[in-house]
Amino acid sequence: MNPPRLIPFEPSQPRNDISPSPLSVRGLTVAYDDKPAVWNLDYDAPDRRLIAIIGPNGAGKSTMIKAILGLVPSLAGHVRIFGTTLRQARRRIAYIPQRTSVDWDFPASAEDVVAMGLYGKIGWFRPVRRRHRALAREHLERVGMEDFAGRQIGRLSGGQQQRVFLARALAQKADLYLMDEPFAGVDAATERAIVNVMREVRTAGSTVLCVHHDLRTVGDYFDHALVLNIRKITDGTVDEVLTGDILQRAYGGRLAETEIHAIAHTT
Amino acid sequence: MMASEFLSIDLPAILVAVLSATSCGLLGNFLVLRRQALIGDAIAHVALPGIVAGFLIAGTIATIPLMIGAMAAAIIAAGLIEIIRQAGRLESGAAMGVVFTTMFAIGIVLLEQTDASNAHIDAEHALYGNLESTLWLGVTNWNDVLSREALSKLPRQLVTLAGVTAAIAILITAFFKELKVSTFDPGLAASLGLPVKTISTALIVVVALAAVAAFEAVGSILVIAMFICPAATARMLTDNLARQLWLSVVVATIAGIGGYGLAAFGPQLWGDSHSLSAGGMIAVVAGLLQTVAMVAAPRYGIFCRARRRRAG
């Protein structure tokens, strides 16, 4: 029996404009010290969908996101975001790095960190003003963190820290969200908050690409999936992608037969 | 004590001490938060042969040739580290250790082998600083302090340090957001389109500027204390970056005034006519302040954490 499925979102208003894909990647290749991390990746992200990037450890999922954002150099390939270059599209993108990539002992409050999401809009040489702080608190409220606005970020739980990052991404009011494992090591309340926020931004017309590890929840949380193992294995709706055959190809022996049966919708 | 003696000997030395501690201390906040605290130390070491070479070539101890020499030395050091890392198959920490100590040693040897020792740049001062010889001549009483004549005779070190400190304060104020976000989360900063690498490089260049400007006052070895102690002390006292910057200035000022005061006047209190090394005392006071903060700070001090553990 298949688990209950989330009905893929359909925009209530038909869109007349033929807008380019939020993210279009051609021939993207990244290597670390001569070892390929992402190999010749072609991908077009569907508009206004929640997309999971799945694959085994070391499959290049985080690297792909970083290469799209120009955070790591790519050897080959090009990336278009909403049909334009990264530089032109920067204000339309929000990035959530892995929570463990920053130093949470930093002297900043939750509100300070969320306000960082506004730095692009505030611009050079201008200070963070009272109205920016108010805006930051509004976004903290959306993730249920309004009571922790003034708390130093190191004294938040892992899940709360993740929600601060989520609020910061929301403050960027982006059209494309790139999230690197937001569900890693978070509590149930945070997991629900992340899912709700992803659905909210999808309703508002945004697209989310999210590196995701828990294959059990892919079908419940996401509309589409990109299956990666250095090369692209496949992409499509979660129903198309979550098959025993594809999971076997992506994960090889790393998933037990019984697990594949539990996750896959068709065998 | 005579007013004229205080004005011509002690006041300029105190101002130089406070300004070097402030300029290095302000930048130290970012170095410590970026876990690059030892870069200040490394630059102070690596810069020495460059400073000496700059002095030898230019024949004066004007700031600009010394600065150019220090920068050239820093670039050579960066190149050498990379070569040793690859050719010697060493990890970068080991490669840095080799390069920094070797270049510092070359600087000392250069100093001792040349006429440089005749001017007031010699090995001892390069190591321990030269605060006591900062003189403001021709000022005899407080009423003259702001006269045009007196100001024109201000010691060159003091003018240079005032300029460097002002420049650092302006840069940190102007680029506060950018420094903050690129220090905390370089990934986000880069995704916002900020030139993260340029910001890091610029920070190191300004650190080198401060290290060279402070070098004469507190000496090469003690520059590191100025980079780390004020920032580390301030970090114990607040969770707000802007407040931390202000507190580090306060700590640097107390260390500068207190250290010089103890060195110059302390021995007289117990009847000894010798004075102590001012650079040394400043670093001692900075270290003491940090110790007090570590023990007694409201939230992060050892006492409070122990009390919280007992309570929780």
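The values are calculated or read from the model by the stated rules, or taken from the named source; none is laboratory data. Just so it is clear, the structure is predicted and the values come from calculations on it, not from any experiment. Positions of Cβ are backbone-derived with ideal geometry, glycine not excepted, and every protein chain shown enters the neighbour counts. We work out accessible area using only protein heavy atoms, side chains counted, and drop any ligands, DNA or RNA first. Shrake-Rupley method; radii C 1.70, N 1.55, O 1.52, S 1.80 Å.
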How much of the calculated P(r) for the stretch B:24-85 lies past 18 Å, in percent of all Cα pairs? 45 percent
So what does the Cα-only Debye profile of the protein assembly as shown read at q = 0.05, 0.07, 0.10, 0.12 Å⁻¹, as log10 I(q)/I(0), no solvent term? -0.29, -0.54, -0.94, -1.17
Calculate, for A:HIS261 and B:ALA78, the FRET efficiency according to 1/(1 + (r/R0)^6) with r their C-beta to C-beta distance and R0 45 Å; round to the nearest 0.05. 0.20
To check you understand DSSP bridge types, tell me what percent of the beta bridges within the stretch A:23-263 (both residues inside) are antiparallel, rounded to 5. 55 percent
Once label points are set 7 Å from the Cα along Cα→Cβ at both B:PHE6 and B:THR201, what is their separation, rounded to one decimal in nm? 4.9 nm
Ignoring ligands, DNA and RNA, what accessible area per residue does the protein assembly as shown give at 1.4 Å, in Å²? 46 Å²
Charged-residue dipole, Cβ positions (Lys, Arg, Asp, Glu), the protein assembly as shown about Cα centre, Debye nearest 20: 1620 debye
Hydropathy at least 1.0 by Kyte-Doolittle, axial extent at least 18 angstrom from the Cα trace: which helices of chain B, defined as entire DSSP H runs, fit? B:11-33, B:37-58, B:63-87, B:92-113, B:156-174, B:196-218, B:220-237, B:241-269, B:278-296
Give me the distance in nm between label points sitting 7 Å out from Cα along the Cα-to-Cβ direction at B:ARG148 and B:SER273, one decimal. 4.3 nm
Using a Förster radius of 45 Å, what is the FRET efficiency between A:THR100 and A:ASP44 based on their Cβ-Cβ separation? Nearest 0.05, please. 0.90
Scattering profile of the stretch B:208-298 from the Debye formula, Cα beads only, expressed as log10 I(q)/I(0) at q = 0.11, 0.18, 0.20, 0.22 Å⁻¹, is -0.33, -0.79, -0.92, -1.04
Considering the Cα trace of chain B, what is its radius of gyration and what is Dmax, both in angstroms? 20.4, 65
In nanometres, what is the gap between the two model label sites at A:ARG199 and B:ALA311, each 7 Å from Cα along Cα-to-Cβ? 4.1 nm
Just to be sure I understand the interface: list residues from the stretch A:83-107 that lose 10 Å² or more of accessible area between the chain on its own and the complete protein assembly, 1.4 Å probe. A:ARG90, A:TYR95, A:PRO97, A:VAL102, A:ASP103, A:ASP105, A:PHE106, A:PRO107
By what distance, in whole Å, do the Cα atoms of the stretch A:206-245 stretch along each of the three principal axes, largest value first? 26, 19, 17
Cα convex hull volume per residue for the stretch A:177-229, in Å³, equals 83 Å³
Threshold 40 Å², the stretch B:191-228 residues less accessible with all protein chains present than alone (1.4 Å probe): B:SER191, B:LEU192
Applying the Karplus parametrisation 6.51 cos²θ - 1.76 cosθ + 1.60 with θ = phi - 60° to the phi angles of the stretch A:129-144, what ³J(HN,Hα) value in whole Hz is obtained for each residue in order, glycine and proline being reported as x? 9, 4, 5, 5, 5, 4, 4, 4, 5, 4, 6, 4, 5, 4, 10, x
Accessible area buried between chains A and B, both sides summed, probe 1.4 Å, in Å² to nearest 100: 2500 Å²
Antiparallel versus total DSSP beta bridges in the protein assembly as shown: what percent is that, nearest 5? 50 percent
Between B:THR140 and B:VAL292, what is the FRET efficiency for a Förster distance of 30 Å, r being their Cβ-Cβ separation, to the nearest 0.05? 0.20
Rounded to a whole number, the Stokes-Einstein D of the stretch B:164-219 in µm²/s (Kirkwood radius over Cα pairs; 37 °C; 0.692 mPa s) is 270 µm²/s
If you roll a 1.4 Å probe over the stretch A:140-267 with all protein chains in place, what percent of the accessible area is carbon or sulfur? 45 percent
Given N residues in the stretch A:23-263, what is its alpha carbon radius of gyration divided by 2.2 N^0.38 Å? 1.02
The stretch A:109-121 - phi-based ³J(HN,Hα) in whole Hz, Karplus 6.51/-1.76/1.60, Gly and Pro as x: 8, 3, 4, 4, 5, 5, 4, 4, x, 8, 4, x, 6
Quick check: Cα centre of the stretch A:144-170 to Cα centre of the stretch B:1-49, how many Å? 37 Å
Size of charge dipole - the stretch A:23-263 - debye, nearest 20, with Cβ of Lys, Arg +1 and Asp, Glu -1, no other charges: 1240 debye
What is the magnitude of the charge dipole of the stretch A:121-233 about its Cα centre, with +1 placed on the Cβ of each Lys and Arg, -1 on the Cβ of each Asp and Glu, and no other charges, expressed in debye to the nearest 20? 680 debye
Among A:TYR43, A:ILE263, A:PRO56, whose Cα projects farthest towards the positive end of the dipole of the stretch A:23-263, with charges put on the beta-carbon of Lys, Arg (+1) and Asp, Glu (-1)? A:TYR43
How large is ³J(HN,Hα), in whole Hz, for each residue of the stretch A:198-211 in order, when computed from phi with the Karplus curve 6.51 cos²θ - 1.76 cosθ + 1.60 and θ = phi - 60°, using x for Gly and Pro? 4, 5, 4, 5, 5, 4, 6, x, 9, 10, 10, 10, 9, 5
Counting only chymotrypsin sites (Phe, Trp or Tyr not before Pro) that sit in a DSSP loop (anything but H, G, I, E, B) with at most 16 other Cβ atoms within 10 Å, what is the longest stretch of chain A containing none of them? A:126-267
